[in-house]
1. Taking the stretch 1-19 only, how many residues are part of a helix (DSSP H, G or I) and open to solvent by 100 Å² or more (accessible area, probe 1.4 Å)?
2. Within the stretch 45-64, can you find the residues that are acidic (Asp, Glu) and within 11 Å of the ligand (Cβ to nearest atom)?
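The values are calculated or read from the model by the stated rules, or taken from the named source; none is laboratory data. Since this is a predicted model, take the numbers as computed values, not measurements. For neighbour counting, all protein chains shown are included, and Cβ atoms are generated from backbone atoms with ideal geometry for every residue, glycine included. With ligands, DNA and RNA removed, areas are computed over all heavy atoms of the protein, side chains included. Shrake-Rupley method; radii C 1.70, N 1.55, O 1.52, S 1.80 Å.
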Amino acid sequence: MLFLKLFPLFIILIIFILVAVARSYMRSLISPKEKKLDQMIACSECGTQVHESLVVKKYGASYCSKNCSSI
Ligand SMILES: [Zn+2]
């Protein structure tokens with residue numbers, strides 16, 4: 001009955017794998033998510049939310065358009 005002798009070891013192996021999978025899953029939940037590039041920034045002049053790729057930066061402030069940055 002070799003199978004019965006190995007059965008407990010087999011169960012331990014399965015538990016070990018489950019714990020490893022659960023740990024990696026928990027780690028992926030805890031670890032900070034990658035910084036999103038599509039961040040919205042509020043215009044310093046009118047308060048409009050602008051995509052950071054469209055933001056006009058002037059004198060350290062962020063504006064939604066050249067109209068706002070020129071005021
Ligand atoms: Zn604006």
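1. 9
2. Scanning the stretch 45-64 gives a single hit, Glu45.
For every residue, the table says whether it meets (1) under 30 Å from the mean Cα position of the chain (by Cα); (2) more than 16 Å from the ligand (Cβ to nearest atom).
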residue: Phe7; (1), (2): no, yes
residue: Leu13; (1), (2): no, yes
residue: Ser28; (1), (2): yes, yes
residue: Met40; (1), (2): yes, no
residue: Cys68; (1), (2): no, no
